[in-house]
Structure formats: C-alpha cells, structure tokens
Amino acid sequence: MSLGGIAGQNIASGGVADGNTAASNSVAPVSGQVCYIWVFNVQSAPPPAPLADVPTLSGTGGFNVTWTQVATSVVSSADDSRRLRLTLFRGIPSSATAGVVTAAFGGNNQKVAYLGVDTYTFVNSASNQGVVQNGTNTNTLFNEDGSGTITVTLNPLASGANGVLFLWCLYATETTPTYNFTGTGVDSRSSTYGMMAAVVNQQGNRIPNVTVNSSGEIAAIAIEITATSPVGAMNGDKAVNAALTQSGAMFLRTINFGVGGDPLFASCGPTAYPVNDPSGRAAAEDTVGQYLPGIGYWPLKTQKSNTIGSSTPPSQIQGRNGYLRGIVLPLTAGAHVVTINMKTELDTGIAYRPQFIVKANNEVGLHADVTATAIAGTDWQTLTCSFTTTSDGAVEILRYKRGPDHVRLWWDNLTVS
C-alpha cells in the first residue's frame, strides 16, 4: 500500500476585476514551510483577445522571498474572444511576519485576476521546494451537455509516498466538480472570477482529472511533491508524538494519519469518558483501580497522561492488556530504525514484559514481524526495531502490554530514521 502524507491549506487569497495587480489579504505565514501560490487571470476583448499576461510575484513581510514559476498554462475560447491563464509558483517564507502576496501583469489590465496562497506540510523542500515534476493541459469545453473532463498526465512518480497537487481553473461557475481520485481540497471558490481549485491527491495518482458540468475554458496543472519521510518530522516533536485520539492510539499528525483503534481501549483522555461511560466522570489517570459497577469509572483505560512523560509530560498511559494499534508509517525502500520510549510501574518478568512490534508487510519486502522486548527495570527505556524494506509502502506498528491489568505502562517519543 502506497501512501502520501502531503497536506495543505489555504491561508490567503485575493482578486481584482479590470486591474493590473491582484493582492492577497495580509496573513502571517509559517517560517520555513513551503508555499505554492497559484494565479488565475483572464483577458477578454473583441477577437482576437490579447494574451493573458504571465504574472510575476512579490511579497512583503515573511513573503518577501524569491517566488519561482513552476508552470503556466493558457487557453483561448473557441472564438478567440477570451484567454485564460493558470500559473503556479513555489517559495518558502523567511519569517512569520505578516505580509501580502501581489501578482503583477506588466502594467496590463486583466479582465479578472485571482490568486491563492496555499501552505503545505510534510513536504521535503530540500530540492526545488518539493517539486519533482509538473504537467499541464487545457481544453475549451463547449460540449452539447455543457460538460467536459480535463486530465494531466505525469511521468511515473519518484516515490509511492509522494503526493500530487492538482490545480485547475474554469471561467464559469461550477458547483459539482468530480475527480478520479479522493483528494483533500486546499482552496476552491466559485465566484465572479470563475472556478478555481487546488486539490491534494494523497493516493499518488499520476494521471489526475476533473469533470465539470459547465461550458467554458479550463486549464490545469499537476505537480509531484516530495513527501518527507517520518525522519525529522517526528524526531523530537513531543507535543505531536504524545497527542492521542479518542480511541486510545497515537495520532501522528506528522504523517497526516488519523487512526482508529480497538474499542477495548476507547477513551477520551483525562477530562471525560464520553465512550461507554454512564456517569461522565473524569478519568483519574494516576489512580490504580478497577471498573466500578454502576458508576462507569475506568481508571485503567488507555488515555493521555498529563503528569508523566519522557522526559516531560505528556505521554500515553496503557492500563489494560493487549495491543494498541493504529499507527501506520509510510516508508521508502531502504534501512529503517523505529524507536519508542516505554516505562512500567512494575517489572513483570521476561515472559510478560512489554513489546514494540513492526508488523510484516510482504508488499514492501518485510516478510516477518520485527519485535523489541523490554529489558528488566521500571525506568524509561527505549525499544528499537531495525529492518529493511525493498520497495516504497507502509508498515503498521503495535504496542503490546502483556503484564497484569493493574500494572500500567507509559509510551512516548516515537522516532523513525
């Protein structure tokens, strides 16, 4: 299974009608986090309309950096009375100082112009700010039913973990676009400026398309984005690694996966028990106890500990025997070392000490589970699993409590290298 972890969100936008510049609203970017900015502009006049001008970008505050054009695509209407252009830029803000981004068109007024500033996480920006390759396409949609499809074809992706960003614009109002992939909308709007959308394709579909139900001119750009490996994004990020979901498993936002979990461990942390709790009493995370019939009190549920951590809180506390599941790691082919810190309040002996397990996945060439068993002692210790994969893909990791129910464990600081 190949998974992409790229995630994005729109942080600023702006447009203009009959003007020669378009500017975004002022916003504070995240310093060092890659931005992809797309510009949509249209020229309209008696045939032949002038060519929609190629924009240039400038910025203030943290956006006062070099913006590099990735691709541009222009399309004309069937009668040459209108020309539409879509252009994509890349850059990395230099600080968190609020600023604006402005697209300029060489002093030439555009009938309409619009830009979107989108910021992306989990991007390996070391080379070309994450852009591996790009492709473009255009179409003039005047089918009898007023609909059409536009597709951009990329070369085979450099890694199955990489994401694909698909951008398109249409000089018409479109309310029901459909895609040939399940994507995450970064920015889309339908207005007097037309329809614009930026969609992150996390399944790595290298031939994305959109089908619309409106006639008009449409342009599209697709790029492959290099995803970060879990290295670095996870190491040392305690606030992220210790975050827990309601189902009692670690929620690794660093790799953009929400997780499920076994209902046995269902819990919502130290403040409430909305799952199967008739009383709604708060969890006592550091109180040893059993379920109290008729009260609905589970001190041994898996939850977040705000008082214990390695080396500072929070951590994840596990009180019941069994596996904690739900962590999936996207990996490229090669050697990997996965570690997690564990603490127990009682050494239960070698046959019952906790284990950290990387599950086998034949698709990536890992044909047997890799298991690390805790050593003697009750202080924090690091469990390490080392293994090699022969192709890109993903593996699941488990935390396994084998001792008595009344003995609690704490888990913290998952790292991958």
* Please report, in debye to the nearest 20, how large the charge dipole of the range 7-225 is about its Cα centre when each Lys and Arg carries +1 at its beta carbon and each Asp and Glu carries -1 there. => 380 debye
* Quick one: Karplus J couplings for the range 71-77, per residue in order, coefficients 6.51, -1.76, 1.60, θ = phi - 60°, nearest Hz, x for Gly and Pro? -> 7, 9, 9, 10, 9, 10, 5
* **Alpha-carbon centroid distance for the pair the range 101-120 / the range 305-384, whole angstrom** => 50 Å
* Asked: Taking θ as phi - 60°, what are the ³J(HN,Hα) couplings along the range 132-140 by the Karplus curve (6.51, -1.76, 1.60), each to the nearest whole Hz, with x for Gly and Pro?
  -> 8, 7, 8, x, 9, 7, 9, 7, 10
* **Computed E for residue 347/residue 312 - FRET, C-beta separation, R0 22 angstrom, nearest 0.05** => 0.40
* Quick one: what Rg and Dmax do you get for the range 7-225 from the alpha carbons, in Å? -> 16.4, 50
* Peptide ranges 74-83, 96-105 listed from the most packed, as the mean C-beta count within 10 angstrom indicates -> 96-105, 74-83
* Which ordering of 53, 347 is given by a fewest-first count of other beta-carbon atoms within 10 Å? -> 347, 53
* Please work out how much length the chain gains when fully extended from residue 54 to residue 189, using 0.36 nm per residue of separation minus the C-alpha to C-alpha distance, in nm with one decimal. => 46.4 nm
* Structure fact -> Protection proxy (average C-beta count within 10 Å per residue), highest first, orders 85-95, 38-48, 16-26 as 85-95, 38-48, 16-26
* **For the range 343-357, 3J(HN,Hα) per residue [Karplus equation, 6.51 cos²θ - 1.76 cosθ + 1.60, θ = phi - 60°, Hz, x = Gly/Pro]** => 9, 10, 8, 8, 7, 8, x, 4, 6, 10, 5, x, 10, 10, 10
* Asked: What percent do you get for the relative contact order of the range 305-417 when only Cα pairs under 8 Å and 6+ apart count?
  -> 44 percent
* Structure fact -> Sorted on mean Cβ neighbours within 10 Å (highest first), peptides 130-137, 118-125 come out as 118-125, 130-137
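Just so you know, all these numbers are worked out from the coordinates, no wet-lab data involved. Values in this document were obtained by computation on a predicted structure and should not be read as measured data. Glycine also receives a Cβ, built like all others from the backbone with ideal geometry; neighbour counts cover every protein chain displayed.
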